[in-house]
Amino acid sequence: TLHDETTVHAAVEILQTKPFWPPRCASCNVTAVVPPRKWECYTCGGKMWQPPSAPESKSCWVCGVADPTVRCHRCGQLACAPCGAYAQPLDEMGFDTGEALPVCKCCYAGSVSYTHLTLPTKRIV
């Protein structure tokens, strides 16, 4: 299952390769171990994905091209248009519209699914 220890560790290893990791809320500074549903902070409701103002946001996390324009709704990172030219339905992340949402080519390629993991969260002091 997705909750077994091996899968949890594999998913966290993949996520830790992302430039803006772990996800954190710019409003209340809460940090999550895995992406929350719809990337919404469980404390204040703010978005926890990579903010455009972050230093890591100056280039595509996949290829390094400057000025990324696409938000991956699976990993929360910013990608350039070619690297973000993919889409998938993401019902398991709370985006239950049934519509395909933008994802980066790495997430589209089928890296470990981590969206069902429910691990504890912590607050950065």
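The values are calculated or read from the model by the stated rules, or taken from the named source; none is laboratory data. Nothing here was measured: the structure is a model prediction, and the numbers come from that model. Glycine also receives a Cβ, built like all others from the backbone with ideal geometry; neighbour counts cover every protein chain displayed. Keep in mind that these areas ignore ligands, DNA and RNA; they rest on the heavy atoms of the full protein, side chains included. Shrake-Rupley method; radii C 1.70, N 1.55, O 1.52, S 1.80 Å.
Remarks
- Formal net charge of residues neighbouring GLY84 (Cβ-Cβ distance under 9 Å; K, R +1; D, E -1): +2
- Exposure of TRP61 as accessible area (Å², to 10), given a probe of 1.4 Å and all protein chains: 50
- Taking other residues whose beta carbon is less than 11 angstrom from the beta carbon of ARG37, and scoring Lys, Arg as +1 and Asp, Glu as -1, yields -3.
- Approximate spin-label separation LYS38-ALA109, in nm, with each point projected 7 Å along Cα-to-Cβ: 3.1
- Charge tally in the Cβ shell below 14 Å around LYS47, where Lys, Arg are +1 and Asp, Glu are -1, LYS47 excluded: +3
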